[in-house]
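A short write-up of the structure that comes next.
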Amino acid sequence: MKMKNIAVLGSTGSIGTQTLDVARNNEDIRIVALSAGSNIELLEKQAREFSPEVVSVAEKKDAEKLRKKLEGTGVKVLWGMDGLIEAAQHPSADTVVTAVVGMMGLRPTVAAINAGKDIALANKETLVTAGHIIMPLAKEKNVRILPVDSEHSAILQCLTGEDQREVSRIIITASGGPFRGRTREQMKDVSLEDALKHPNWSMGRKITIDSATMVNKGLEVIEAKWLFGLDAEDIKVIVQPQSVIHSMVEFVDGGIMAQLGTPDMRLPIQYAIYYPHRRPLPGERLDFGALKQITFEEPDFENFRGLALAFEALKTGGSMTTVYNAANELAVSRFLNREIGFLDITAMIEDSMKAHEVIENPDIEQILRTERETYEYLNSRW
C-alpha cells in the first residue's frame, strides 16, 4: 500500500479539519505538514495526533508558544509566509491541500507547484486571481490541480473518462443561500446571525457569507473557467435548493451527466486525494424516497448582484477578477465585524470594479499590488 503524504495548509479551518477526518479513515494517508493561523490549541492537538514533520502558524509569538507546547515531539515549528511556503514545499509531501482562506494562499500554492506537488485546491482565490499563471505552470511542472469545492469536484467526476472536447457547457448548482427568493429591499437589514445560517452546508464564516451574497458562486464560475478551460458563455448557474445535485456537465449531443450526493465536503476532499479512484466513506447516504423531489430555479442576478458582477469581472478579465475578490474579502471582514450592512458587500465590490484600470495579464506582484490598491481605495471611501 503506497502511502499518500499530505501537507494541509489551513488545518484548523472547516476544510482542514475535514481533511484530517479523511486521514483518520484511511491508513495510507500520512500527514507530513500542517499550517494554521492563530488557533494553536487545535493545531497542537492535531500535531500530537498526526505527528507531522513541520507545522506553521501566522505569528512569531504563536510559534514560540507552540514550540514550548510541542517540545520533545520532534515537530519543527515555523511561522509567517516563509513558514507557510516551507510547509507547502515540504520534501516529504506529494499532495498539498490548500485550505487557507484568502490571497495568502497564492504564494504557497505557486511554491508547491514549483516543487512538483499535486494540489488539492480549496483556496478559491488562487485561480480567481491567478488562473492564467497557475494552470500553465501546473502543466509545465506536470502537476495536477484537483478541486476540493463540491461543485468543481462534481464536474471533475462527470468528466472522468470523457473527452473534454465534447463538452458543450457546465452547469454549476447553487443552494441560493439563506436569503433565496428575497428582494434587495428585504435583505437591507438582515443580521449577521441570519446570514450565517446556511440551509444545507456547514462551512467557515467567510464562505458562509459568500454563499448568502452568492459571491461564492461567482468565485466558482471564475475558477471553473480555469479548471476546465471554458469561456464565460459555456458556464451556467442554476439554483438547486436541496443541494443534492452538486453540478452537471452537458455534452455536445445534449446528454447531461450530474453528480449527486448528500452535502458532505469529505467526499470531494477524499476524491481529490485519491483521484481518479474512490474509497469507502462513512456517512449518510442519499435517500431518494425521503427526498421526493429536486427543484430548480434560475439565479436572481438583479437582487444578488454578487453573481452578476462575477460574470462581468470574468468577461473583462485581467486584474478585474482580483479586484472582485479583494473587494469582497475586505467587505466580508467588515460585515463579520458588524461595521457595514449586508448589501454594502456587493456595493463595495461594484464601486471598486468601476474605479479600477485593468491590467491585462498581471504577474504575481501586480496581482498582490492590485489587492493592496483595492483595499486602500475602499478604506478611503467606506
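Laid out as a table, the results:
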item	result
Scope segment 150-161; condition of a type outside the set (S, T, Y) and either modelled with pLDDT of 95 or more or not assigned by TED's automatic domain parsing to the domain that holds P299 (or both); matching residues	E151, H152, A154, I155, L156, Q157, C158, L159
Single residue of segment 114-129 satisfying the filter (assigned to a helix (DSSP H, G or I) and touching an Asp or Glu at 6+ places or on another chain (Cβ under 9 Å)) that is nearest to F228 (Cα to Cα)	L127
Failed item, numbered, when N337 is tested on (1) touching a His at 6+ places or on another chain (Cβ under 9 Å); (2) farther than 22 Å from I171 by Cα; (3) not aliphatic (A, V, I, L, M)	(1)
Checking V100 against (1) crowded, with 19+ Cβ neighbours inside 10 Å; (2) at pLDDT below 95; (3) out of contact with any Gly (no Cβ under 7 Å at 6 or more places or on another chain), the condition it does not meet	(3)
Candidate set: segment 171-188, residues that are more than 20 Å from the chain's Cα centre (by Cα) and assigned to a loop (DSSP other than H, G, I, E, B); chosen: the one surrounded by the most Cβ atoms within 10 Å (Cβ to Cβ)	F179
Answer from I238, I222, I209 - the residue that is under 13 Å from T173 (Cα atoms) and touching a residue at least 40 places away in the same chain (Cβ under 8 Å)	I238
Close pairs (6 angstrom Cβ cut-off, 6 or more residues apart or separate chains): acidic (D, E) in segment 18-38, in a loop (DSSP other than H, G, I, E, B) anywhere	D28/M1; D28/M3
Wholly within segment 290-382, helices (runs of 4 or more DSSP H) carrying at least 2 residues that are of a type in the set (A, V, I, L, M, F, W, C) and in the same structural domain as G204 (by TED's automatic domain parsing)	305-316
Test for L260: is it touching a residue at least 60 places away in the same chain (Cβ under 8 Å), on the phi < 0 side of the Ramachandran plot and in contact with a Leu (Cβ under 9 Å, 6 or more places away or on another chain)	no
Flag if A258 is of a type in the set (G, A, S), closer than 24 Å to R144 by Cα and crowded, with 20+ Cβ neighbours inside 10 Å	no
Residues of segment 325-382 satisfying the condition of being over 20 Å from R184 (Cα atoms), of a type in the set (K, R) and over 22 Å from the mean Cα position of the chain (by Cα)	K354, R381
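For (1) assigned by TED's automatic domain parsing to the domain that holds L307; (2) of a type in the set (V, I, T); (3) farther than 17 Å from D149 by Cβ, each residue gets a yes or a no:
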position: S191; (1), (2), (3): yes, no, yes
position: L219; (1), (2), (3): yes, no, no
position: I222; (1), (2), (3): yes, yes, no
position: W226; (1), (2), (3): yes, no, no
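The values are calculated or read from the model by the stated rules, or taken from the named source; none is laboratory data. What you see is a predicted model, and the numbers here were worked out from it, not measured in a lab. Every residue, glycine as well, gets a Cβ built from its backbone with ideal geometry; the counts of neighbours run over all protein chains shown.
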